[in-house]
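Chemist: Take a look at the following structure, please.
The values are calculated or read from the model by the stated rules, or taken from the named source; none is laboratory data. Values in this document were obtained by computation on a predicted structure and should not be read as measured data. Neighbour counts are summed over all protein chains in view; Cβ atoms, including those assigned to glycine, are modelled from backbone coordinates with ideal geometry. To get the accessible areas, we keep the full protein, side chains included, count just its heavy atoms, and leave off ligands, DNA and RNA. Shrake-Rupley method; radii C 1.70, N 1.55, O 1.52, S 1.80 Å.
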Amino acid sequence: MSHSVYGKMWVAAQGALQDLLEEELPADPPRPQKDRLLVFQTLATFYVKYLQVLRGLEAVYDQIVHPQKRRVVRHVLDGVMGRLLELKNEMVELEFSEFHYYDDILQDLKLTPEDLEVPVPRYFVSERLRVLKDRERILGQILMRAGHFERETAPARSMSLEEAARLVQVSERARQGRLRARFMREIRQEEEKERLAKTRGASSLDPHEAATRIQKVWLGYSQRKKTKKERLEEMIFLGMIPPPQQQKLSAAQLRVRQVESARRLVQEEHEAQYQEALSSIKEAVRDVEGPDVKETLQEQIRQWFIECRDATGKFPDFPDAEDGGSAAIFAEKTPEQVAAELAAKEEEKDKKNKSKGKKDKKSGKKEKGKTKDKKGKSKGKKGKGDAEEEEEGWKMAPSNFLPTMTEGSKTYREVWENRDEKHNFSQRFDAQLVREEKRVEVEEEIRIQVDELMRQELKNLKLAVDREKGKKKKGKKGSKKKKKGKKGGKKKKKKERDLTADRTIESLYEELVEAGLLVRPLNVRLSDYIGEYSYLGTTLRQADIEPMPSLSDVRQLIALYGILPLGSQAVHEKAPLLKTLLLAGPAGVGKRMLVHALCTETGANLFNLSPGNLAGKYPGRSGLQMILHMVFKVARQLQPSVVWIGDAEKTFYKKVPKPEKEMEPKRLKKDLPKILKSIKPEDRVLIVGTTHRPYEADLKPFCKVYKKIVLIPRPDYASRLVLWRHVIQEHGGQLTNSLDLSSLAKVTDGYTQGHILQAVRAVLDERRLQQLGKRPLAALEFVAPLARQDPVYKEEEETFKVWYAKTPLGRKRAKAARGAEEEGQTKKGKGKGKGKKGKKKKKKK
């Protein structure tokens, strides 16, 4: 697409954002709301609208080539991402649930469930591509030197003598059968040759009759083929049959990809030119306009000296550099206003000194008056209480990102909305804007130099005219006291001892890789986690039934809680801080895959602190402290980073099983809370735990560490249907009419993604793929591999539900549900009571 198309997309996104800002920042502050449903509808509507703005801005930022426009878009984009996280946090605190459903809002806004997918900004990886490639190369070199190879060798299986003899017998019988089949095929060929030789001597058919037979066969074949094709097209159009699998991209799709990659190269070229211009234009502005600016500033400050002396009778005090220097003098104020402010400050100081002496005299009178005024005060308090009761209700929490978006929108309106860019067809940087920006910087630098000169000049003037000799100011003593207080505060805070102060980050990185604590993440995307939207979520909640989350909901939460904060420093510093994330669910639902996808989408390092991986490494208390110190030091230096703790329940075992005592699974239990305290908002480090048996852990300390828990269920019917289709096509299978995917998805209720993947791999081997042309796939072939695996039974799923209900968020939701039921019962009771009273009155009459 062209520059103008992306420009129009930017205009549309900014227009939608401006409407949202006007709704969120009205002229009159909104009143508190008491209706929870109305509050949720408001929050959810904002959330869905901001999601569409984010999608538009992300596409614009990825493809727009103007370097200055990209900075404005990036500023707004970070603000929208942060606001999304704030709204999600508000909905969680309101509903006491991590999963929400937006069916009504999607209908009102004419959107589809696909529009709820959280887009992952591509700049998370593209702007750090060189760094990531260098890191990958270094990681490969370290693994090669250490002798670690990622090839998985299957362990040799021992067998008994009887099994070996049976295996030899089966192989021998198969060999004899193949030989017998070859002999029979040769015999049939000989018989066919003899039969053809005998028929050659027979009389041939009449040419007309032969032609008629050929036409009959051909017409029947062509008509059947045409009918079959038309029927197939009709079924595809109706959605009864999936469209044929496209092995290659079309020419248009290839062209789009080429254009997008070409635009990214242009982005890099324009960015390099812009960086060069920043330094060259700044030097030019300093050389050309610097002397005039310096002279003008000096004249203005001298004029201020004279005007202040005429107004007050003495020369003013020059503002300190901390207060802004001469910039504070001319911040939209006249010399008379500045002098008035100085006089007002002096009066305030005198009042404070006088009020200190009067406090002791008034204290006795106040104590006497307290007893008299008690009754009056109590009445006043009641009045205040009534006002507070009126203001009870839900209010939107203050946002850290609304000012960011407002500032970005203001910049867009003032600079770019009506800017004429006909001359800038190639969308290079705007030199005029650069000059204006650098002129301000040069003026600030020159102002600092001028302030030093004018302070000395003011001192000389005071000595000469006012005969004021260099007296020591009280402000300096106060500043010294403040500094002393600061020093005392520093002594209270103890700095953490650096155990590896004499070592470089490179050496620590290499040691962690060799120890297997820093691993290479798999190259999987979040979009590879296949799952469908839950279409019954809203209906079930209206019936007071808590639905199990869908895989699409899980994918959205990983993007919101993991990818967006880790990918952007600006978002991570201001958004609600999330230090830990727990993925809980049955074995095979894709928890480990989500951890690797989190690292791939953000370019994060992956550290493995699972109990099984720590067994036998760095023994003892000192060894554990060294591990944690090295891991989190490297994680902070090379952020973003993900610290993965697999089998997280083992760290918080209620009772360690005997076979696992040697592994010491509870090594991290005491140190994890201390580590969490050391993680600050500027540290893009996320601790992710995965568990398939969370109910075996001690719940209280477990939930203290992992405050954000995502429950991942087994896939539902819709997700299984999409998953079967995707996995079969990915492994080279072909979808035909003989393969009933709907029945296959229905039969595999209870099986996880891992079970389905193993079944497809077992069926679609090399030999079966070669036979697809002659023998298409059938659903019955996948039943045998699935039968060898144990599904997730309902009892296990109920165990997960019961455990999740005991977590802090689950308890809050249950409490809120009980409160809602009690309110409903009280309302019904009041209605019945009123009805009974009315009947009694009628009887009396």
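Chemist: Can you work out the accessible area per residue across the range 596-740, with the rest of the protein chains kept in place, probe 1.4 Å, in square angstrom?
Modeler: Ligands and nucleic acids excluded, the result is 41 Å² per residue.
Chemist: Could you tell me the distance between the Cα centroids of the range 757-809 and the range 585-639, to the nearest Å?
Modeler: So the separation of the two Cα centres works out to 29 Å.
Chemist: Short version: ³J(HN,Hα) in whole Hz for each residue of the range 310-315, in order, from phi by Karplus 6.51 cos²θ - 1.76 cosθ + 1.60 (θ = phi - 60°), x for Gly and Pro, what are they?
Modeler: Here the 3J(HN,Hα) series is 5, 7, 10, x, 8, 6 Hz.
Chemist: Hey, another quick one. Calculated FRET efficiency, Thr736 and Val131, Cβ-Cβ r, R0 60 Å, to nearest 0.05?
Modeler: Once the sixth-power term is evaluated, E becomes 0.80.
Chemist: So, one more: Could you check how much of the accessible area of the range 694-780 is carbon and sulfur, as a whole percent, using a 1.4 Å probe?
Modeler: Details: 2190 of 4310 Å².
In the range 694-780, the share of accessible area belonging to carbon and sulfur is 51 percent.
Chemist: Here is a follow-up. Can you give the convex hull volume per residue for the Cα atoms of the range 32-131, as a whole number of Å³?
Modeler: 130 Å³
Chemist: Okay, next question. Kindly sort Asp78, Asp115, Asp323, Asp498 by accessible area of their heavy atoms, largest first, with the probe set to 1.4 Å.
Modeler: Asp323, Asp498, Asp115, Asp78
Chemist: What number in nm² do you get for the range 647-753 if you take the convex hull of its Cα atoms and divide its surface by four?
Modeler: 10.8 nm²
Chemist: What ³J(HN,Hα) values, in whole Hz, does the Karplus curve 6.51 cos²θ - 1.76 cosθ + 1.60 give for the range 88-95 when θ = phi - 60°, with x put for Gly and Pro?
Modeler: For the range 88-95, the Karplus curve yields 4, 5, 5, 5, 5, 5, 7, 8 Hz.
Chemist: What is the diffusion coefficient of the range 272-314 in µm²/s, taking the Kirkwood radius over Cα pairs and the Stokes-Einstein relation at 37 °C with a viscosity of 0.692 mPa s?
Modeler: 257 µm²/s
Chemist: A further question on this structure: May I ask for the distance between the Cα centers of the range 182-199 and the range 1-77, given as a whole number of Å?
Modeler: 78 Å
Chemist: Once you have a ≥ b ≥ c as the square roots of the Cα gyration tensor eigenvalues for the range 722-830, tell me rounded if a/c is under 1.5, and otherwise prolate or oblate according to whether a/b is larger than b/c.
Modeler: prolate
Chemist: Would you mind getting the accessible area per residue of the range 1-50, heavy atoms of the protein chains only, 1.4 Å probe, in Å²?
Modeler: With the other protein chains kept in place, the range 1-50 gives 59 Å² per residue.
Chemist: Right, next: What part of the accessible area of the range 1-157, given as a whole %, is carbon or sulfur when the probe is 1.4 angstrom?
Modeler: 56 percent
Chemist: Report the trypsin sites (Lys or Arg not before Pro) located in the range 235-325 that are in a DSSP loop and have at most 11 other Cβ atoms inside 10 Å of their Cβ, or state none. Intermediate results must be reported in sequence, preceding the final value.
Modeler: Details: sites: Lys248, Arg255, Arg257, Arg263, Arg264, Lys282, Arg286, Lys294, Arg302, Arg309, Lys314; in loops: Lys248, Lys314.
Answer in residue order: Lys248.
Chemist: Could you tell me the calculated FRET efficiency between Leu433 and Asp28, based on Cβ-Cβ distance and R0 = 35 angstrom, to the nearest 0.05?
Modeler: 0.45
Chemist: Once the Cα atoms of the range 393-461 are picked out, what are the Rg and Dmax in Å?
Modeler: Every Cα atom of the range 393-461 included, Rg and Dmax give 20.9, 63 Å.
Chemist: Set the Förster distance to 35 Å, then compute FRET efficiency between Gln176 and Ser743 from the Cβ-Cβ distance, nearest 0.05.
Modeler: Values: r = 39 Å, r/R0 = 1.12.
So, using R0 = 35 Å, E works out to roughly 0.35.
Chemist: Considering only DSSP states other than H, G, I, E and B, which chymotrypsin sites (Phe, Trp or Tyr not before Pro) in the range 521-560 qualify as loop sites with at most 15 other Cβ atoms within 10 Å?
Modeler: Hits after loop and neighbour filter: Tyr535.
Chemist: A further question follows. Restrict the search to the range 623-662; then list the trypsin sites (Lys or Arg not before Pro) that DSSP places in a loop and that have at most 12 other Cβ atoms within 10 Å of their Cβ.
Modeler: Answer in residue order: Lys654, Lys655, Lys661.
Chemist: Which length gain, in nm to one decimal place, applies between Gln637 and Tyr618 when the Cα-Cα distance is subtracted from 0.36 nm times their residue separation?
Modeler: So the extension gain works out to 4.6 nm.
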